[in-house]
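Comments concern the structure below.
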Amino acid sequence: MAPHYEVNADRKYSIAVVGGGIGGLCTVIGLLHQGVPVEVYEAAPSFAEIGAGVSLGPNASRAMKMIDPAIHEGFEKCATNNGFDASKNFWFSFRKGDDSSEFGTKFLDLWCETGQSSVHRARFLDELVALVPDHVAHFGKRLEEVEDKGDHIVLHFADGTTAKHSALIGCDGIKSKVRLAVLGPDHPAAHAVFTEKYAYRGLIPMDDAAALLGDELARNSQMYLGHGGHILTFPIEHGKTMNVVAFSTKSDGKWEDSEWVKPLNRDEMYSDFEGWVPATKKILSLMQKPDIWALFNHLPAPTYHKNRICILGDAAHASTPHNGAGAGQAIEDALIMSRVMAHVYSAADIPRAFAAFDKVRRPRSQRQVKVANESGWLYDLQAPGIGDDWDKVEQTLATKQQWIWEHDLEADVKEAVRIYQEESARL
């Protein structure tokens with residue numbers, strides 16, 4: 001049973017959130033926790049996540065606690081860390097994936113406050129759903145169009161229904177309709193672009209993985225780096241399952257197919273990793289129900305808001321997964337949005353709150369998109385000026401995550417509230 005939230009009767013407005021993924025639900029919970037009236041519209045018949053494992057770093061953990069401690073408690077229920085105590089604080093153990101060794105020569109254990117803290121997306125979503133009261137959720141509502149009427153917005157859904165609210169927050173993912181409403185469909189940054197990378201994703205029962213690889217490699221997070229690709233593995237579902245993602249580079253740099261997720265051709269996958277160490281071949285051979293994902297991201301948008309419409313999460317800054325930070329950035333968004341909206345009592349003030357959110361969140365989240373893309377080239381030994389110089393690779397890996405993990409979110413909250421209050425005081 002979802003907790004009871006008291007909506008502040010002095011707030012003379014209502015917020016619509018479109019999209020019920022991790023970012024959308026964290027936003028809804030954050031707004032409810034602050035007494036902000038909100039309803040969420042989800043295209044699917046129920047809340048559901050596709051995909052498998054997702055990593056959340058120390059910054060995401062702090063953001064969860066700051067939004068609502070119940071979010072972090074739910075995360076802890078389904079989070080999985082490395083299996084060995086000695087590896088609890090390692091994000092990944094980095095290995096040379098295409099050298100002459102059997103398991104790939106290890107050259108770096110990257111320390112992280114929370115280690116490799118991972119969840120199965122669907123399990124985490126279940127925990128978030130439990131915090132959302134039934135009466136605020138609407139299903140089967142696929143957004144087709146947004147009308148900004150100046151003092152309110154009207155949502156038009158594919159089922160022919162409409163909804164009227166004071167403002168809209170779009171959390172509708174990388175193919176966001178709300179992003180188009182903010183930027184315009186013809187803007188250069190309106191649609192995601194292919195990053196020249198794609199990934200094979202699949203799961204392996206942990207007992208099978210341990211039997212082939214040994215306990216240390218199977219039960220602790222590993223990343224195998226090679227020329228043109230990399231393979232990462234980490235435990236999920238409390239160590240019962242190994243999550244596998246094997247990345248490769250599209251030689252012509254193009255993705256012509258309209259589908260971004262497709263069934264896997266195993267022969268093509270094996271060909272992509274021809275000559276790699278035996279451990280990686282064993283991993284690829286065990287992957288169950290694998291598929292191939294084209295990796296797209298967003299070019300930097302000049303704004304995340306337009307009057308009463310705002311975007312966050314993948315709708316605002318869809319990223320490649322190479323920093324393990326995309327979901328964490330959405331949770332940070334939810335924190336800043338909910339804390340700024342906590343100070344809003346009139347519908348007329350919402351655009352200023354969205355502007356404050358934009359000013360604080362856009363630089364950091366867009367930097368993450370850029371750096372994540374660069375990380376993909378680094379892992380695949382294709383980074384300009386670094387390539388397969390292993391000393392430079394190690395030096396870059398050793399420090400590249402710190403600005404993400406060690407960020408001062410309290411300072412961001414204060415800055416966003418300050419911007420909002422200063423703008424409001426001018427009027």
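Kindly identify the stretch 224-284 as rounded, prolate or oblate by the Cα gyration tensor criterion: order the square roots of the eigenvalues as a ≥ b ≥ c, call it rounded if a/c is under 1.5, otherwise compare a/b with b/c, prolate if a/b is larger, else oblate.
On the way: a/c = 2.10, a/b = 1.35, b/c = 1.56.
Since a/c reaches 1.5 but b/c is at least a/b, the shape of the stretch 224-284 is classed as oblate.
Return the ratio Rg/(2.2 N^0.38 Å) for the stretch 283-389, where Rg is computed over Cα atoms only. Mind showing how you got there, number by number?
Working: Rg = 17.7 Å, N = 107, 2.2 N^0.38 = 13.0 Å.
For the stretch 283-389, the normalised Cα radius of gyration comes out at 1.36.
Over the chain, what is the relative contact order in percent, taking alpha-carbon pairs closer than 8 angstrom and at least six residues apart?
Details: 945 pairs, mean separation 90.6, N = 427.
21 percent.
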*Using only Cα atoms, tell me the angle between helix 409-426 and the longest principal axis of the chain; keep it within 0 to 90° and round to the nearest 10.*
30
*Per-residue ³J(HN,Hα) for the stretch 117-129, Karplus 6.51 cos²θ - 1.76 cosθ + 1.60, θ = phi - 60°, Hz, x for Gly and Pro*: 9, 10, 10, 6, 3, 5, 5, 5, 4, 4, 5, 5, 4
*Name the long-range amide H neighbours of GLU237: under 5 Å, sequence gap of 5 or more, or other chain; modelled H, no Pro or chain starts.*
HIS120
*So for VAL119, VAL132, fewest C-beta neighbours within 10 Å to most, what's the order?*
VAL132, VAL119
_Separation in nanometres of the label points that stand 7 Å from Cα toward Cβ, at ALA122 and TRP403_ = 3.7
*Rounded to the nearest 500, what is the 222 nm mean residue ellipticity of the chain from helices alone, with -39500 (n - 2.57) per DSSP H run of 4+ residues and division by all residues?*
-11000 deg cm²/dmol
_Spelling out what I want: for every residue of the stretch 18-25, take phi, set θ = phi - 60°, compute 6.51 cos²θ - 1.76 cosθ + 1.60 (Karplus), and round to whole Hz; glycine and proline get x._
9, x, x, x, 4, x, x, 6
*Classify the stretch 1-76: rounded, prolate or oblate, from the alpha-carbon gyration tensor (a ≥ b ≥ c, eigenvalue square roots; a/c under 1.5 rounded; otherwise prolate if a/b is larger than b/c)?*
oblate
_Karplus-derived HN-Hα couplings along the stretch 2-15 (A = 6.51, B = -1.76, C = 1.60, θ = phi - 60°), whole Hz, x at Gly and Pro_ = 5, x, 8, 10, 8, 7, 5, 5, 6, 7, 9, 7, 9, 10
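Listing TYR224, TYR420 from the residue with the fewest other Cβ atoms within 10 Å to the one with the most, what is the order?
Lowest count first: TYR420, TYR224.
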*At a Förster radius of 35 Å, what calculated FRET efficiency corresponds to the Cβ-Cβ distance of ASN8 and LEU299, to the nearest 0.05?*
0.35
*asked:* Please enumerate, by chain and number, the lysines with C-alpha under 27 Å from the C-alpha of LYS281, excluding those fewer than 8 residues away in the same chain.
replied: LYS88, LYS96, LYS106, LYS197, LYS240, LYS250, LYS254, LYS262, LYS289, LYS392
*Please list, in chain and number order, the residues 5+ apart from GLY20 or on another chain whose amide H is under 5 Å from its amide H, with Hs placed from the backbone.*
ALA43
*Relative to the longest principal axis of the C-alpha atoms of the chain, give the angle of the C-alpha long axis of helix 58-67, reported between 0 and 90° and rounded to the nearest 10°.*
20
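Could you order peptides 2-8, 16-22, 125-131 by the average number of other Cβ atoms within 10 Å of their residues, highest first?
By packing density, highest mean first, the sequence is 16-22, 125-131, 2-8.
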*asked:* Just want to confirm a number: the relative contact order over the stretch 151-219, from Cα pairs under 8 angstrom separated by 6+ residues, in percent.
replied: 15
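When DSSP assigns beta bridges and you keep just the ones with both residues in the chain, what percent turn out antiparallel, to the nearest 5? Kindly include the intermediate steps, with their values, before the conclusion.
On the way: 52 of 71 bridges.
Just about 75 percent of them are antiparallel.
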*Going by alpha carbons, how many degrees (0 to 90, nearest 10) lie between the helix axis of 390-399 and the longest principal axis of the chain?*
30
*Treat each spin label as a single point 7 Å out from the Cα along the C-beta direction, and report the THR396 to TYR270 distance in nm.*
3.2
*asked:* Please list, ordered by chain and number, the residues whose modelled amide H lies under 5 Å from the amide H of GLU144; skip anything fewer than 5 residues away on the same chain.
replied: HIS156, PHE157, ALA158
*Have a look at the chain and give its Rg and Dmax from the Cα atoms, expressed in angstrom.*
21.6, 68
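With the Cα gyration tensor of the stretch 291-348 giving a ≥ b ≥ c as the square roots of its eigenvalues, does the rule (a/c under 1.5 for rounded; else a/b larger than b/c for prolate; else oblate) give rounded, prolate or oblate? Don't skip to the end; give the middle numbers.
Values: a/c = 3.38, a/b = 1.97, b/c = 1.72.
Prolate shape, in that a/c is at least 1.5 and a/b is the bigger ratio.
Laboratory data are not the source of any read-out in this text; all were calculated from the coordinates shown. Here the structure is a predicted model, which means the values were calculated and not measured. FYI the Cβ positions are ideal-geometry reconstructions off the backbone, even for glycines, and counts take in every protein chain you see.
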